[in-house]
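First comes the structure, then the notes that go with it.
The values are calculated or read from the model by the stated rules, or taken from the named source; none is laboratory data. Small disclaimer: the values here were computed from a predicted structure and weren't measured. Positions of Cβ are backbone-derived with ideal geometry, glycine not excepted, and every protein chain shown enters the neighbour counts. Note: areas computed on protein heavy atoms with side chains; ligands, DNA, RNA excluded. Shrake-Rupley method; radii C 1.70, N 1.55, O 1.52, S 1.80 Å.
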Amino acid sequence: MWGSQRAAAVPGSVFALMDAAKGRARAAGLDIIDLSIGSSDLPPPEPVLEVLRAATRDAETYRYPLFSDTAPLREAAAGYLARRFGVQLDPQREVLPLIGAQEGLAHLLLAVTDPGDTLLLPDPCYPPYLGAAAVAGLKVVTVPLRPEAGFLPDLDAVPEGVRPRVLLLNYPNNPTSAVADAAFFWRAAAWCGARGTLLVHDHPYAELTFGAYRAPSALEAGVDGVVELHSLSKTHHMGGFRVGFAAGDAGALAALSRVKGAIDFHAYLGIQRAAAHALSLPDEVGRVGAAVFEQRRDALVPALRALGWEVALPQASMYAWARVPGVTDSVAFAVRAAETTGVAVSPGAAFGAGGEGFVRFALVQPPEVLRGAARQLGTVPTA
Ligand SMILES: Cc1ncc(COP(=O)(O)O)c(C=O)c1O
């Protein structure tokens, strides 16, 4: 009765369906192997936890944090971007702490668009993008991510008349685990420049990369007209801490800061200190976590291919994205799989119509569990 049209416009989630299916499997006595949620199962680096513990004993951290209190985290974030991507930013105007990339994106859309503006989104995409678009009252136009194009959008195929206010990209990508090179971001930034579009790059998997591969930053293509969202959730296994930062276009960040000023008071200072410390740790610390996901990838992908499933070997992210031959209703397949085997995966259709026929695995279990899960999924009828 009290729900607004805005609230009603936020799409429901198929994850509630999956939750119910897991509940039925549990009630039937099955052990649940939950590969449906991309929350890192690894602990944050111990020195980061130590900084947080110490902060809780410092009464200075108990009050509301003001913008000036965010300086150490802004400076650490700018230092990380300079060290890692060679991007020089003004920590005062071009970096803004977030309570996670998801919060940042929803508020950024409110800050840089007006109701009825167009948002260009990839299909498939991370589902909260659609919710954030609905909250901001945006018209969503999608551009497909196709396997034959390496799950990169063909921006030149977007009709000339489509002049989005924002183009939202995400590489390493959730759900497809595809990666993009720096040249792709240069092309995307040029395309956005020509259409009067803000390029927003959601980059939570920046350091979850495998082998010699290192992900570029969209900010390498320019800072004006580009905003990049970073998160400590995956790179430092701090999902529950809710901390990240936005970097890039000073005008867009000023607008975001204004909107956030009406809504939040920045993260707890202790969490800001922990995040600043995490961002200044040597690269090797992050590589340890990434190597764990790489080993899991190496266990799961061959096991899925042995079933005849089509899956590219991810170079980054914490997912594997597999096309299941014969599956035309991925939601029904994922529900059936959970109910009959206890193995929960995300149905591809949960990420948009372009995800139909696929399922997404989050690599959040040890290699032997992933191999066992693949074997069990091979017994599930595809239709
Ligand atoms: C593409 C993408 N963006 C954002 C997030 C959420 O990031 P945060 O925890 O910083 O809000 C996720 C989490 O799965 C994600 O996959």
Notebook entry, point to check: In whole Hz, what ³J(HN,Hα) sequence does the range 198-208 give by Karplus (6.51, -1.76, 1.60; θ = phi - 60°), x for Gly and Pro?
Noted result: 7, 8, 10, 10, 8, 10, x, 9, 3, 10, 8
Note to self: Under the rule of at least 5 residues apart or a separate chain, name every residue whose amide H is placed under 5 Å from the amide H of residue 117.
What the structure shows: 139
Notebook entry, point to check: In square nanometres, what is one fourth of the surface area of the convex hull spanned by the alpha carbons of the chain?
Noted result: 19.6
Notebook entry, point to check: Ordered by residue, what ³J(HN,Hα) values in Hz, to whole numbers, does the range 292-309 give under the Karplus form 6.51 cos²θ - 1.76 cosθ + 1.60, where θ = phi - 60° and Gly and Pro are x?
Noted result: 5, 5, 5, 4, 5, 4, 5, 7, 6, 4, x, 5, 6, 5, 5, 7, x, 7
Margin query: Compute the distance from the alpha-carbon center of the range 244-312 to that of the range 52-116, in whole Å.
Written below: 14
Check: So how much accessible area does residue 125 have, in Å² to the nearest 10, using a 1.4 Å probe?
Finding: 10
Notebook entry, point to check: What ranking of 356, 284 comes out by heavy-atom accessible area, probe 1.4 Å, highest first?
Noted result: 284, 356
Next item on the list: Please build a GNM for the chain, connecting alpha carbons under 10 Å apart, and tell me which residue among 54, 77, 275 fluctuates the most.
Entry: 54
Next item on the list: Could you order peptides 42-52, 197-207 by the average number of other Cβ atoms within 10 Å of their residues, highest first?
Entry: 197-207, 42-52
Item checked: Mean residue ellipticity (222 nm) of the chain, computed from DSSP H runs ≥ 4 via -39,500 (n - 2.57), nearest 500 -> -12000 deg cm²/dmol
Next item on the list: Can you work out the PRE-style zone for residue 28? Point 7 Å along Cα to Cβ, and I want the residues of the range 322-339 with backbone N under 19 Å.
Entry: 329-339
Margin query: Could you sort 234, 139, 260 by their accessible area in this structure, using a 1.4 Å probe and putting the largest first?
Written below: 139, 234, 260
Checklist line | Nearest-ten-degree value, helix 71-85 long axis tilted from longest Cα axis of the chain | finding: 60
Check: Helix 269-279 sits at what angle to the longest principal axis of the chain, using alpha carbons and giving 0 to 90 degrees rounded to 10?
Finding: 70
Notebook entry, point to check: Between the helical axis of 250-261 and the dominant principal axis of the chain, each derived from Cα atoms, what acute angle in degrees is found, rounded to the nearest 10?
Noted result: 80
Next item on the list: Run the accessible area of the range 46-282 with a 1.4 Å probe and give the carbon-and-sulfur part as a rounded percent.
Entry: 57
Next item on the list: Mind grabbing the accessible area of residue 229 for me, 1.4 Å probe, Å², rounded to tens?
Entry: 0
Next item on the list: With label points built 7 Å along Cα→Cβ from the Cα atoms of residue 288 and residue 39, find their separation and express it in nm.
Entry: 2.3
Notebook entry, point to check: How would 297, 305 rank on accessible area, largest to smallest, probe 1.4 Å?
Noted result: 305, 297
Item checked: the range 202-296, Rg to Rh (Cα coordinates; Rh as Kirkwood inverse mean 1/r) -> 1.00
Note to self: With a cut-off of 8 Å between alpha carbons and a minimum separation of six or more residues, what is the relative contact order of the range 18-111 in percent?
What the structure shows: 14
Notebook entry, point to check: So what is the accessible area of the range 268-383 per residue, in Å², with the probe set to 1.4 Å?
Noted result: 36
Next item on the list: Please report the relative contact order for the chain, taking Cα pairs under 8 Å with a sequence separation of at least 6, and give it as a percent rounded to a whole number.
Entry: 25
Check: For residue 332 and residue 75, FRET efficiency with R0 = 45 Å and r from the beta-carbon atoms, rounded to 0.05?
Finding: 0.35
